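S.K.: Could you have a look at this structure, given as structure tokens, before my questions?
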Amino acid sequence: MKINYLSEINTPRGLTFFSAVLLVVSMMLSPFLLSISMWGFVAAALWHTAATLQQSGQLRDKSGMAAVWAVLGYSFRQFFRQPAALILTILLLVPALSFFWSINHEFWLERTRVRIPFFVLPWVFTNLPNLSKHQYRTVLYVLVWSVFLICIGVGINFLLNAEEILDNLGMGQPIPVPRNHIRFNLILATAILVGGWLWEQRYVWRYPWERKLLMAAVVLMFVFIHVLSVRSGIVTLYAALLFSVFRFVVRTRRWKAGLITLLIIIVTPVLAVLSIPSLQQRLTYMVWDWQQYQSNDGDDYSDSERWVSFAAGMQLWRESPWLGVGTGDVPMEIQRVVNERFPKYTLDPKLPHNQFIYILTGTGLIGLLLSMLAFLWPIVTGGHRHFYLFATFQIIILISFLVEYTIETSIGVAYYLFYLFWFGKMAEVERKTTFQKDY
């Protein structure tokens, strides 16, 4: 059966689908197209709201600005009726309010601008039209194949420049990938889990033989994430896999199958280390970098700088425990602490590479508690946590927060918010069609 959703782009539903497809691809490749996709969501939300009011007759006597205000008013009422979406705006308000105790308002503005989607996208997703189960899954199908094709390109470049890239790995440099290597690896881990789930659900776009190709792509991406050797991506993937085994055993009581799978998961990284040169280089560098940090000689090495950023951030929090130093002043204050305690690391010191420490540094314990409320509310309320993709995504995010300030970059914010809402929307549709508590 031929399915062409792009032919419906002249409808709010079609525009929503097109914008989602564009977003999952452009997130890895193009900031400009990523912005276009987000504006596409805004347009689809306003269009759907206007169509809803038009059908109900609420715009019959309105035109011009009166109609615009009616559409906006209705959309915000819908937004305010969704606490799980509304509460995410805290993640914009917390750094925004630190304006009043920040000196560097230029950096404050930069960080606040990055977090504006924490207001826009929650409002958008409460006003978008509902898609079909097949459409939600198709967007994820596009994610899997777009990531796979990018991996092919990265792999070809690696083979053509293997010696140089391996030498760079030995000095702490990553294998070249589009945009940010850490965010790309988070997306790659997500694509592997999504691909496995689509295969298990027997999803196909058009032809039955696609499932075989899908499984082959998932296996190759699983191997490739080890080749890329970005530890945060590998750790998040294995954490999600361990959760998957635990979930499988709890649901099926098949302890023997679960134990065998667990042993495979334990043995696989060992085999990867023994057989993949890039991963060997990365681990060797990691051990050496830690030794340099221990001897206070790691001023030019990535892991050492990361540990210093943790220590500096925690000291700043202890100095200003309740409200922090102000989001705008984090770089300036980190520089001060590094100058005092770590004089060998004074050249362009890293900001705290831990999302929780970063929040503590800028907005203190109050900011962290409010932020944790926003992070946890979508998980503990409703039944979304029972949906496999939603649950594993939360694990990926949690692990990434421990080693990166994930939501302090535009791609990190887009990644977090889009998949949080997309998997949340899918959870509702999947639950209605499978009639199961755990799905």
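S.K.: What's the longest piece of the chain with no exposed trypsin sites (Lys or Arg not before Pro), counting a site as exposed if DSSP puts it in a loop and it has at most 13 other beta carbons within 10 Å? Mind dumping the intermediate values first?
M.R.: On the way: sites that count: Lys2, Arg60, Arg81, Arg202, Arg206, Arg253, Arg254, Lys437.
Answer - 255-436.
S.K.: Which order do the peptides 355-363, 373-381 come out in when sorted by mean C-beta neighbours inside 10 angstrom, highest first? Could you put the intermediate results ahead of the total?
M.R.: Values: 355-363: 26.6, 373-381: 15.8.
Per-residue mean Cβ counts within 10 Å order the peptides as 355-363, 373-381.
S.K.: Take the Cα radius of gyration of the range 179-288 and divide it by 2.2 N^0.38 Å, with N its residue count; two decimals is plenty.
M.R.: Working: Rg = 15.3 Å, N = 110, 2.2 N^0.38 = 13.1 Å.
Working it through for the range 179-288, the quotient is 1.17.
S.K.: What distance in nm separates the two pseudo spin-label positions at Ile9 and Leu263, each 7 Å out from Cα along the beta-carbon direction?
M.R.: Distance between the two pseudo-spin positions: 5.3 nm.
S.K.: Over the range 164-314, what is the mean sequence separation of C-alpha contacts under 8 Å (at least six apart), divided by residue count, expressed as relative contact order in percent? Numbers along the way, then the final one.
M.R.: Values: 112 pairs, mean separation 40.1, N = 151.
It rounds to 27 percent for the range 164-314.
S.K.: Okay, moving on. By how many nm would the segment from Arg60 to Leu323 lengthen if fully extended, with 0.36 nm per residue of separation less the alpha-carbon distance? Working shown, then result.
M.R.: On the way: separation 263, 0.36 × 263 = 94.68 nm, distance 4.97 nm.
Stretched fully, the Arg60-Leu323 segment lengthens by 89.7 nm.
S.K.: For n ≥ 4 DSSP H runs only, could you compute -39500 (n - 2.57) per run for the chain, divide by its residues and tell me the 222 nm figure to the nearest 500? Spell out each step's value before the answer.
M.R.: Numbers: 19 runs with 325 residues, N = 439.
Counting only the DSSP helices, I get -25000 deg cm²/dmol.
S.K.: Further question on the same structure: Between the alpha-carbon centers of the range 144-221 and the range 389-428, tell me the distance in whole angstrom.
M.R.: Using only Cα atoms, the two centres lie 18 Å from each other.
S.K.: Ok, one more. Once you put a point 7 Å from the Cα of Leu29 and another 7 Å from the Cα of Lys212, both along the Cβ direction, what distance in nm separates them?
M.R.: 2.8
S.K.: Separate question: Check every DSSP H run in the chain and write down those whose alpha carbon atoms cover 18 angstrom or more along the long axis and whose mean Kyte-Doolittle hydropathy is 1.6 or greater. Walk me through the numbers on the way to the answer.
M.R.: Numbers: long enough: 12-29 (25 Å, 1.68); 31-56 (38 Å, 0.87); 64-80 (24 Å, 0.95); 133-160 (41 Å, 1.33); 181-200 (28 Å, 1.07); 210-228 (26 Å, 1.81); 231-252 (31 Å, 1.20); 255-275 (30 Å, 2.10); 277-294 (26 Å, -1.07); 302-319 (26 Å, -0.63); 355-380 (26 Å, 1.82); 388-403 (24 Å, 2.34); 410-434 (35 Å, 0.29).
The answer, listed by residue number, is 12-29, 210-228, 255-275, 355-380, 388-403.
S.K.: Kindly provide log₁₀ I(q)/I(0) values, in the same order as q = 0.10, 0.12, 0.22 Å⁻¹, from the Debye equation applied to equal alpha-carbon scatterers of the range 127-231.
M.R.: One equal scatterer on each Cα of the range 127-231 leads to -0.33, -0.46, -1.12.
S.K.: With the Cα gyration tensor of the chain in hand, give its eigenvalues times 5 under a square root as the equivalent ellipsoid semi-axes, listed largest first in whole angstrom. Before the final figure, lay out each step's value.
M.R.: Working: eigenvalues 262, 192, 79 Å².
Output for the chain: semi-axes of 36, 31, 20 Å.
S.K.: Please compute the length gained on full extension between His105 and Leu242, using 0.36 nm multiplied by the number of residues separating them and subtracting their Cα-Cα distance.
M.R.: 45.0 nm
S.K.: Relative contact order, percent, of the range 1-81 when contacts are C-alpha pairs under 8 Å separated by at least 6 residues?
M.R.: Here the relative contact order equals 22 percent.
S.K.: Bin by bin, in steps of 5 Å, what percent of the Cα pairs in the range 35-133 do you find, going until the bin that has the longest distance?
M.R.: 2, 12, 18, 18, 17, 13, 10, 6, 3, 1, 0
S.K.: Excluding Leu228 itself, calculate the net charge of residues whose Cβ lies under 14 Å from the Cβ of Leu228, where each Lys or Arg counts +1 and each Asp or Glu counts -1.
M.R.: Numbers: positive: Arg179, Arg183, Arg231, Arg282; negative: none.
Within the 14 Å Cβ shell, the charges total +4.
Only the coordinates and a few stated rules stand behind these numbers; no lab work does. Keep in mind that this is a model prediction, so the values were computed, not measured. Quick reminder, even Gly has a Cβ in these numbers, built from the backbone with ideal geometry, and neighbours come from all protein chains shown.
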